[in-house]
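**Q** Below is a structure I'd like to ask you about.
The values are calculated or read from the model by the stated rules, or taken from the named source; none is laboratory data. Computed from a predicted model, the values in this text were never measured in an experiment. All Cβ positions, glycine included, derive from the backbone under ideal geometry; neighbour counts span all protein chains shown.
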Amino acid sequence: MTDVNAVEIRDTEEPKLDRRGGILKVEACGICGTDARTFFNGDPRAPAPWVLGHEPVGVLEEVAPDADLPPGVERGARVFLGSILTCGECRWCLDGFQNLCEHHLLYGYEPFPGAYAEYAAVPPIAVKNLIPLPPDLPSDLATVADPFACALNGVEQLDVQLGDTVVIVGTGPIGCWQSVMARDRGAAAVYLTDVSKDRLELAMSIVGHFVDDAFVAGEDNGVNEVMSRTNGLGASRVSVAAPSKQAQQAALEMAAKRARVVYFAGLPKHDPVSPLDVNQLHYKELVILGAYGASHRQYRITMDYLDRRQEELGRVVTHRFSLEHIAEAFETIRSGTGLKMVILP
């Protein structure tokens, strides 16, 4: 990235091998929503010119003598690199909630350039995030382990039980994956909703066989549609997988008494305050939770899940681009005509 909305392919020096790190020969790297927001709007953590890309999969081509590799990872192995870089020493890391690390950084952002490149450095702090790939898992699908693990975190917070009615607000990749997981966890009914008819139709063409019904959110943001499908009771589980204040409020209104509501998608940092009807929370005894990032445990679970459900989950990867066509990939995201974009250097 050379500037906001500007990208250029350049020959550069190969990354240097840190004495406790490694070098990854990149086979594929997904475009995350964070990458897209940075490309479209800029981010002080990615000072141009900067190499983005924090969903990499590749071959661990070089390993420094002092690198402390995780079990099952060795030089020459195909690996996935989890993007949330953690200290491993704070209370939250020690308790297994690495996503809440007091000192966490993000791979692909300052001071660590990303993996929209043929080769990418694995800094020492990222070595513990290397996870070996199952032999038959394609690299383009393996890149989604990062956002999929985050979606898993949201579903675990949602705590879907046998017989639950689940509504997922937002039909990007996260919403699609959460619909699959909700069904796998025993939901009696899964509904998808989105403000975009085109995006909803695209999602249903990919995961529609896991979903009972889908509808475009109207002026009431889908509340009446949910109530009509639940005999006026509302949904027992609601995931808001869209960065929308209106969706956050609607989730409280469409939730049943004693329901769980998870705000998966955050709001823009410059405008994070959402007006909510707290009486919905009070009188219906709702549980409202947030979900951010993923833990090492969730990354490992995800890798096995992707391997077992390749056919269903792989459909969310709708576009693949060479490095030379990365600008086209970002434009496809902007147009809303695809779900998951993967760069193949």
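**Q** Looking at this structure, is S274 over 27 Å from P138 (Cβ atoms), in contact with a Phe, Trp or Tyr (Cβ under 6 Å, 6 or more places away or on another chain) and not assigned by TED's automatic domain parsing to the domain that holds D136? Before the answer, list the steps.
**A** Numbers: over 27 Å from P138 (Cβ atoms): yes; in contact with a Phe, Trp or Tyr (Cβ under 6 Å, 6 or more places away or on another chain): no; not assigned by TED's automatic domain parsing to the domain that holds D136: yes.
When the stated conditions are applied, S274 does not pass them.
**Q** Further question on the same structure: Quick one: in region 78-91, which of the residues that are buried (at least 16 other Cβ atoms within 10 Å of the Cβ) and of a type in the set (G, A, S) is nearest to F112 (Cα to Cα)?
**A** Once the filter is applied, the top-ranked residue is S83.
**Q** While we're on this one: Check region 171-184 and report whether any residue there is under 22 Å from V342 (Cα atoms), touching a residue at least 24 places away in the same chain (Cβ under 8 Å), in the same structural domain as S244 (by TED's automatic domain parsing) and part of a loop (DSSP other than H, G, I, E, B).
**A** yes
**Q** For E61, only one of the following conditions fails: (1) under 25 Å from L133 (Cβ atoms); (2) free of Cβ contacts under 8 Å to residues at least 24 places away in the same chain. What is its number?
**A** Looking at each condition in turn, E61 falls short on (2).
**Q** Under the condition of being among the polar types (S, T, N, Q) and assigned to a strand (DSSP E or B), which residue from region 288-345 is surrounded by the fewest Cβ atoms within 10 Å (Cβ to Cβ)?
**A** First pass over region 288-345, keeping only residues among the polar types (S, T, N, Q): 295, 298, 302, 310, 318, 322, 332, 335, 337.
Filter once more, so that each one left must be assigned to a strand (DSSP E or B): 318, 322.
Working: T318: 16, S322: 12.
Residue satisfying both the conditions and the ranking: S322.
**Q** List, please: which pairs have Cβ atoms under 9 Å, are six or more places apart or on different chains, and start with a residue in region 256-280 that is closer than 20 Å to P147 by Cα and end with one that is modelled with pLDDT under 90 and among the small types (G, A, S)?
**A** If the second residue must be modelled with pLDDT under 90 and among the small types (G, A, S), the pairs left are A265/G33.
**Q** From the list A36, A48, which residue is surrounded by fewer than 16 Cβ atoms within 10 Å (Cβ to Cβ) and among the aliphatic types (A, V, I, L, M)?
**A** A48
**Q** Looking at this structure, is R37 more than 18 Å from A121 (Cβ to Cβ), among the basic types (K, R) and under 23 Å from the mean Cα position of the chain (by Cα)?
**A** yes
**Q** Would you check if L106 is in contact with a Phe, Trp or Tyr (Cβ under 9 Å, 6 or more places away or on another chain) and either charged (D, E, K, R) or surrounded by fewer than 23 Cβ atoms within 10 Å (Cβ to Cβ) (or both)?
**A** yes
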